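K.L.:
Below is one structure. I have some questions about it.
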Amino acid sequence: MTVDSVTIALVGSGGAGAMTAGQMLLDAAANVGWYGLMSRSTGPQIRGGEAAALVRLSPTPVHGPGDRFDIIIAFDWQNVERFAAELPLSDKSVIITDPSQGEVPAVLAASGAKQVELPIKELAGRIPGGRVNMVGLGAVAAIVGLPRAGIDAVIQKALGKKGDAAIQASNAGIDAGSKEAAGWNLGLELAAPNKEGATRWNISGNEAAGLGALKGGVKFCAAYPITPATEILEWLAPNLAKTGGKLVQAEDELASIAMCLGASFSGVPSITATAGPGLSLMTECIGLGVASETPVVIVDVQRGGPSTGIPTKSEQSDLNIAVYGLHGDAPHLVVGPTSIGDCLFTTQWAVHLAEALQTPAIVLSDQAMGQSRAIVDKPADAPHKANRLLATDLGGEGKYLRYANTESGVSPAAIPGMPGGEHTADGLEHAENALPSSQASDHQKQLDKRLRKLTSYDYGDAWADVEGEGEIAVVTWGSATGPSREAVRRLEAAGTKARLVAIRLISPVQPAKLAAALDGVSKVLVVEQTHGAQFHKFLRGHYDLPGKVSVFSRPGPLPIRAREVHETLLSLI
Amino acid sequence: MDTHLTDDVVGPLPGDYKSDVKPIWCPGCGDYSVLAGITRAMATMGLERHDTVVVSGIGCSSRIPAYTSVYGYHTVHGRSLAVASGVKLARPELNVLIFGGDGDGFSIGGNHFLHACRRNVDMTYIVMDNQVYGMTKGQASPTTEADWCESKLTPEGPGVNPIQPVALALACGANFVARGFSNNPNEVARLIVEGVRHPGFSVIHILSPCVTFRPEQRNWKSTVHPYGREPTDDPNEAMRAVLEDDGFGLGIFLAGNRRPFQPESAATRSIAQIEEGFAV
């Protein structure tokens, strides 16, 4: 008998190699044709302390974390109490523990999970250069039925440079763990992979966002490191250079966004990435981008807030600042990717929209997408490139009007190097000719123009992911989409039709499109990961929602699981 | 680009770099003369107007971009150096000048000043120092004396020592450091020309009186004096001389040899090649 999905936690304090083993497990699963998702659980201390690789594998695409862990393998129990809440278990779960590490902590044992002993340390100790994480990897591979060929390829790739001794030691460790686990018969063998179909990618949300920036045409990035956004910047640094762009480490977030505006003013599509505290610092300059009509993309990889909050864990609570954080009436773009793979499409789309509409675009990713790695079908490719409307008649008699009050609201831009287009871009309110003005009529005209260019633009079908049918609908966004999608599919599998609407274009709002998507719906469940139901209030403020509206909203850092959404939906039927 | 004045080639004139916008400055403001110095410098160098970008923050002096006829970006308080760095790093072929005041540069923008000096991007920063916040009606700035009691915000005086901009620039690693006085636009123009032509980040500190809130600064005419030494390329020597100076010495303190910061990049791979790295 096989299962459709298996969820595994590899647990150990820093240095035990839990992350490496988790990564190898995911890579090996990818090699043999399975799908998968790996998120990390670490404290804020970066090295040392608790660490867990949380892996879910399946023959079909994985949308979010599993309902509970089927397998926990612990290299040690150090600090496990700190994140036991992140390791939901049941009496169907299996805890693999090394007797030399002492008893299973009561907080986990209370689940009633089956316990299996594996002398991990002893087995590793018998092998010259042996490591506990390889023994653990071997055991897990045997339990889930992962073919050895998949692991061999990973070992060769990861350790090829270290030489034969390292490869032999790893192989011996894997063999030892595998041999012990082979006779356990835990009933957790994963269904056979379906190797047909699309090309698969192994990518994290942060890498996907970086790639989306490149594909969108970004050539400049100014960066200041912050968890959990740093990997976007680290990925872009070499890859921007390889494609003729530049990344500069700035002195702070204020400088990052300001440098991006300068680069963009000179005509070069620009991006920066940050997390909540950095976004707070950037808001003044984002307003400058709105007023001066300078395109720029800011990827905010949300983490638990407020203030420094929980840097290494996920939440969706930057929605309010992203939409409302700028002072004055400052319409701008806010988009949210709906999955790890979609971080590519949505970031690429954001570059295109920012350039087309000459305004800042905030991409609201989050830690759960950004720092998780998944095996996905090759992500969709947005058919868009940065394409700014440039002024063409600068040689004419009339003086160039940088902020011309056009019908579309988009004014043809002149950039340095274009003779005749000289003007001063300004954050002060200005007339069409770009000169500062405090006149009511100029203010009204420019406010109208800056709003009009956003509201009259045709965003097409990308405004949301819409699927399913029926009278009950889940409306969600961002990384809450994955578990919501899985919950809707479970409902459908049991015979109840349901819809999913995951809104990608948060701002400007699309009332007519949502009304069409929810036509005939009598019950709406809003799903989000905040304490204050920010998304629900946002929807209430800007949309008419049909029928009875319910809310599933809770803060991080624990991920929203499909089970929770599914149970809420069942309670509404 | 140099433009030589000959019989048959007429170079640009300072007026070619002025816009037709009337400055909002008070009568007698030192910034009028600085503006004259700026346009003279631009004419002397024959800068192409479309290849020149002036960036400013907020404050009286930061209004200058609107008064010139080149490309300009009037940004937000304190961020001009960061914005300008983005322009120059993204488009190295452009001429980039930054204008601002003592509050914009050394208070709200202090961190950017520090890092602009050490980063050494090839651009020129002209700070008009009047030791007061003029646009918000006369509060102490980071260069105001500790015992200046004329501000309602600090009626007993700011009580803290003023920053010495030239010493600060040297300490932070600026590659070209000079001081001028707005009363002499020709000398201001000369310093700007030298600063623009010198590779790396140039800081030109210009004493520019605010006669509205600091009428006593009219006396600067008799206070300033030539610094009296030749420019050096040794930051230590420049620093010693600056510390011996009374803050009113005019001239070029340092014309250093640091290499400007300008990351090079050339496309060596296609995005399709990069994407291949993600394929399983």
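K.L.:
For chain A, rounded, prolate or oblate, judged on the Cα gyration tensor with a ≥ b ≥ c (square roots of eigenvalues), a/c < 1.5 rounded, else prolate if a/b > b/c?
P.N.:
Details: a/c = 2.39, a/b = 1.74, b/c = 1.38.
It is prolate, given that a/c is not under 1.5 and a/b is the larger ratio.
K.L.:
Kindly provide log₁₀ I(q)/I(0) values, in the same order as q = 0.13, 0.15 Å⁻¹, from the Debye equation applied to equal alpha-carbon scatterers of segment B:22-278.
P.N.:
Values, matching the q order: -0.77, -1.01.
K.L.:
With a/c under 1.5 counting as rounded, go ahead and sort segment A:279-352 into rounded, prolate or oblate using the C-alpha gyration tensor (a ≥ b ≥ c being the square roots of the eigenvalues; past the cut-off, prolate if a/b is larger than b/c, else oblate).
P.N.:
Working: a/c = 2.32, a/b = 1.17, b/c = 1.98.
Judged from the Cα gyration tensor, segment A:279-352 comes out oblate (a/c at least 1.5, b/c at or above a/b).
K.L.:
Once you've got the GNM for chain B with C-alpha springs shorter than 10 Å, pick whichever of B:Ser182, B:Ser151, B:Ser222 has the biggest mean-square fluctuation.
P.N.:
B:Ser222
K.L.:
Could you pull out every one of the lysines with an alpha carbon less than 26 Å from that of A:Lys161, ignoring same-chain neighbours closer than 8 positions?
P.N.:
Here the lysines satisfying the reach criterion relative to A:Lys161 are A:Lys121, A:Lys242.
K.L.:
Do you know the relative contact order of chain A, to the nearest whole percent, from alpha carbon pairs under 8 angstrom that are 6+ apart? Walk me through the intermediate numbers first.
P.N.:
On the way: 1358 pairs, mean separation 71.4, N = 573.
Averaging sequence separation for qualifying contacts and normalising by length gives 12 percent for chain A.
K.L.:
Using Cα pairs under 8 angstrom and six or more residues apart, how large is the relative contact order of segment B:22-278, in percent? Can you show the working numbers first?
P.N.:
Details: 557 pairs, mean separation 48.1, N = 257.
With pairs under 8 Å counted, the relative contact order is 19 percent.
K.L.:
With θ set to phi - 60° and the Karplus curve 6.51 cos²θ - 1.76 cosθ + 1.60, what are the ³J(HN,Hα) couplings of segment B:186-191 in order, to the nearest whole Hz, using x for Gly and Pro?
P.N.:
5, 5, 4, 4, 4, 4
K.L.:
Taking amide hydrogens as modeled 1.01 Å from N in the peptide plane, which residues meet the under 5 Å criterion relative to B:Asp129, leaving out close sequence neighbours?
P.N.:
Amide H neighbours of B:Asp129, under 5 Å, 5+ apart: B:Ile206, B:Leu207, B:Ser208.
K.L.:
Could you check what % of the DSSP bridge pairs in segment B:22-278 are antiparallel, to the nearest 5?
P.N.:
Numbers: 5 of 34 bridges.
Antiparallel: roughly 15 percent of the beta bridges in segment B:22-278.
K.L.:
State, to one decimal in nm, how far the label point of A:Lys385 lies from the label point of B:Asn186, with both points 7 Å from Cα in the Cβ direction.
P.N.:
Label at A:Lys385, label at B:Asn186, 5.4 nm between them.
K.L.:
If I stretch the segment between A:Lys537 and A:Ser90 completely, what's the gain in nm (0.36 nm per residue apart, minus their alpha carbon distance), one decimal? Write out the running numbers ahead of the final one.
P.N.:
On the way: separation 447, 0.36 × 447 = 160.92 nm, distance 3.51 nm.
Working it through step by step, the gained length comes to 157.4 nm.
K.L.:
Here is a follow-up. Between A:Glu196 and B:Glu156, what is the label-point separation in nm under the 7 Å Cα-to-beta-carbon projection?
P.N.:
Going by the 7 Å Cα→Cβ label model, 8.5 nm.
K.L.:
Based on DSSP H runs of at least 4 residues, each adding -39500 (n - 2.57), what is the mean residue ellipticity at 222 nm of chain B after dividing by all its residues, to the nearest 500 deg cm²/dmol?
P.N.:
After summing the helix terms and dividing by the residues of chain B, the value is -8000 deg cm²/dmol.
K.L.:
Quick one: check the C-alpha center-to-center distance for segment B:95-114 versus segment A:83-97, whole angstrom.
P.N.:
Computed from Cα coordinates, the inter-centre distance equals 56 Å.
K.L.:
Classify segment A:113-171: rounded, prolate or oblate, from the alpha-carbon gyration tensor (a ≥ b ≥ c, eigenvalue square roots; a/c under 1.5 rounded; otherwise prolate if a/b is larger than b/c)?
P.N.:
Details: a/c = 3.32, a/b = 1.36, b/c = 2.45.
The shape class here is oblate.
K.L.:
Follow-up. With a Förster radius of 30 Å, plug the Cβ-Cβ distance of A:Ser100 and A:Asp377 into 1/(1 + (r/R0)^6) and report the FRET value to the nearest 0.05. Show your work: numbers first, answer last.
P.N.:
Details: r = 42 Å, r/R0 = 1.42.
After rounding, the FRET efficiency stands at 0.10.
K.L.:
Taking the Cα centroid of segment A:410-489 and of segment A:174-204, what is the distance between the two, rounded to the nearest whole Å?
P.N.:
Each part's Cα centre sits 46 Å from the other's.
K.L.:
Tell me, A:Ile257, B:Ile108, A:Ile174 in order of fewest to most beta-carbon neighbours within 10 Å?
P.N.:
B:Ile108, A:Ile174, A:Ile257
K.L.:
Figure the gain on full extension for B:Ala267 and B:Asp20 (residue separation times 0.36 nm, minus the Cα-Cα span) and round it to one decimal in nm.
P.N.:
Details: separation 247, 0.36 × 247 = 88.92 nm, distance 4.26 nm.
The B:Ala267-B:Asp20 span can extend by a further 84.7 nm.
K.L.:
Strictly over 24 Å apart at the Cα level, which of A:Lys453/A:Lys513; A:Lys399/A:Lys449; B:Lys22/B:Lys152; A:Lys114/A:Lys179 would you flag in this model? Could the numbers behind the result be given before it?
P.N.:
Working: A:Lys453/A:Lys513 18 Å; A:Lys399/A:Lys449 20 Å; B:Lys22/B:Lys152 30 Å; A:Lys114/A:Lys179 20 Å.
Among A:Lys453/A:Lys513; A:Lys399/A:Lys449; B:Lys22/B:Lys152; A:Lys114/A:Lys179, the Cα-Cα distance tops 24 Å for B:Lys22/B:Lys152.
K.L.:
Also, I was wondering about something else. Under a crude label model (7 Å from the Cα following the beta-carbon direction), how far is A:Lys121 from A:Gln249 in nanometres?
P.N.:
Going by the 7 Å Cα→Cβ label model, 3.8 nm.
Only the coordinates and a few stated rules stand behind these numbers; no lab work does. All values reported here derive from a predicted model rather than from experimental measurement. Glycine also receives a Cβ, built like all others from the backbone with ideal geometry; neighbour counts cover every protein chain displayed.
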